[in-house]
Amino acid sequence: MVQQPGANVSALCQRYGISRKTGYKWRSRREDSGENRSRRPQQSPHRTTQSVESAVLAVRDQFPDWGARKLKRYLQDRGHAALPAVSTITAILQRHGRITPAASIAARPWQRFEHSLPNALWQMDFKGHFAMIQGRCHALTVLDDHSRFNLVLHAGDGETFENVQVPLERCFRRYGLPTRISCDNGPPWGNVQRHDGLTRLGAWLIRLGIGLTHARPSHPQTNGKDERFHRTLNSGLLRHRVLQHLADAQRAFDVFRQIYNHERPHEALNLDVPISRYRPSERTYPDRLPPIDYDPALPVRKVDVSGRIQFRGRRFNIAKALSGERVAIQSHPDRDGQHTVYFCHQPVRRIDLRYPESAD
């Protein structure tokens, strides 16, 4: 239109909202080259190189559940320089079909409370059991709250006391004892639905000097970091591999645990790996348990075979798991008739002399 004979350039510029200078410049370019030239450069010096793209895609294929932040940190830690921005790596993954936009939106970081030192709290639970070619696997997991370091990833054939004690004892000998362990409700941890709620496992942990807490019923987020580890185990291993039997599962768990602790950048750790924030406990596992030492001012009673004690002429249910053990009873002067029963450092029951019921 602007090149037609007798065309009014000024009127056309006014019509399309551009200056006369710009209009004459475009007209001149059109006459020189026969077409309007794009401002886009023929070459982009900042375009990601093919070698970087290939490295990103290779690591993503090795760890298909890792996002752009983890991939960048992993490559940086292994000497790759001049890596693009996280958003660019995400675009590479999307362009090559490794990630969908919906999955990218769903990957939101979470902020969680954490203890300030390693071994202040461990979270422990069984992952939901799953089928193998031969039988089912019950995976026991233990995670350090501060560092997210995975201390135990054990393939077991059940959820009994022995299925927990044996791998835990190996863990204690290697990493020492934590200050406290948080676990779920129900066997083998404990059963809040029963009056006699302390289990053999709980009694053993208390005897080792470990504080024991239980998640509130129907509140799995109490042990949220271990729950999150279970999801990572699903996406990083179980979703991609069919396991043959328990021995095969344990071999796969050992490889996964090594990668998780030593290689996989963790979002909640500012993309550090868990091993960078973990150190073993200074409290070593004892070959022989020391005697229980209560305050001499407190009355002490022995728990009988039925899990009860005699106190003030009455019998009170304590816990069958403490049969044969001694417990101490502390009164509360400000709460008439109420007492707390301790096993070692841990309160295990409350008793109230004001009511006919033997325990609450």
The listed residue being of a type in the set (Gly, Ala, Ser), buried (at least 18 other Cβ atoms within 10 Å of the Cβ) and in a loop (DSSP other than H, G, I, E, B), out of Ser306, Ser281 | Ser281
Every residue from the range 167-183 that is free of Cβ contacts under 8 Å to residues at least 60 places away in the same chain and closer than 16 Å to Thr199 by Cα | Leu168
Restricting the range 333-359 to residues that are hydrophobic (A, V, I, L, M, F, W, C) and farther than 16 Å from Val300 by Cβ, which is surrounded by the fewest Cβ atoms within 10 Å (Cβ to Cβ)?
-> Leu353
Single unsatisfied condition, Thr340 versus (1) modelled with pLDDT of 90 or more; (2) over 39 Å from the mean Cα position of the chain (by Cα); (3) more than 15 Å from Ala203 (Cα to Cα) | (2)
For the range 251-274, enumerate the residues that are in a helix (DSSP H, G or I) and among the β-branched types (Val, Ile, Thr).
-> Val255, Ile259
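Yes/no per residue for (1) on the phi < 0 side of the Ramachandran plot; (2) outside the structural domain of Gly209 (by TED's automatic domain parsing); (3) among the aliphatic types (A, V, I, L, M):
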| site | (1), (2), (3) |
| --- | --- |
| Ser306 | yes, yes, no |
| Ile309 | yes, yes, yes |
| Asn317 | yes, yes, no |
| Gly337 | no, yes, no |
| Thr340 | yes, yes, no |
Flag if Leu243 is under 30 Å from Asp61 (Cβ atoms), at pLDDT 95 or above and in a loop (DSSP other than H, G, I, E, B) = yes
Would you please name the residue that is nearest to Leu243 (Cα to Cα), looking only at residues in the range 141-164 that are crowded, with 23+ Cβ neighbours inside 10 Å and among the aliphatic types (A, V, I, L, M)?
-> Leu153
Selected residue [at pLDDT 75 or above and either over 30 Å from the mean Cα position of the chain (by Cα) or hydroxyl-bearing (Ser, Thr, Tyr) (or both)] from Ser33, Ser87, Ser28 = Ser87
Hey, among Pro167, Pro178, Pro188, which residue is under 27 Å from Asn270 (Cα atoms), crowded, with 16+ Cβ neighbours inside 10 Å and not basic (Lys, Arg)?
-> Pro178
Which residues, taken from the range 313-332, are over 14 Å from Pro296 (Cα atoms) and among the β-branched types (Val, Ile, Thr)?
-> Ile318
Output yes when any residue across the range 253-267 is in contact with a strand residue (DSSP E or B) (Cβ under 9 Å, 6 or more places away or on another chain) and under 12 Å from Ser147 (Cβ atoms), and no when none is.
-> yes
Lone unmet requirement of (1) more than 18 Å from the chain's Cα centre (by Cα); (2) assigned to a helix (DSSP H, G or I); (3) more than 16 Å from Leu153 (Cβ to Cβ); (4) not basic (Lys, Arg) for Asp248 | (3)
Residue satisfying condition, being modelled with pLDDT of 95 or more, surrounded by 11 or more Cβ atoms within 10 Å (Cβ to Cβ) and either farther than 30 Å from Arg170 by Cβ or more than 37 Å from the chain's Cα centre (by Cα) (or both), within set Ile275, Ile329, Ile318 = Ile329
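The values are calculated or read from the model by the stated rules, or taken from the named source; none is laboratory data. In this text the structure is predicted, and so the values were computed from the model without any measurement. With ideal geometry, Cβ positions are generated from the backbone for all residues, glycine too; neighbour counts draw on all protein chains shown.
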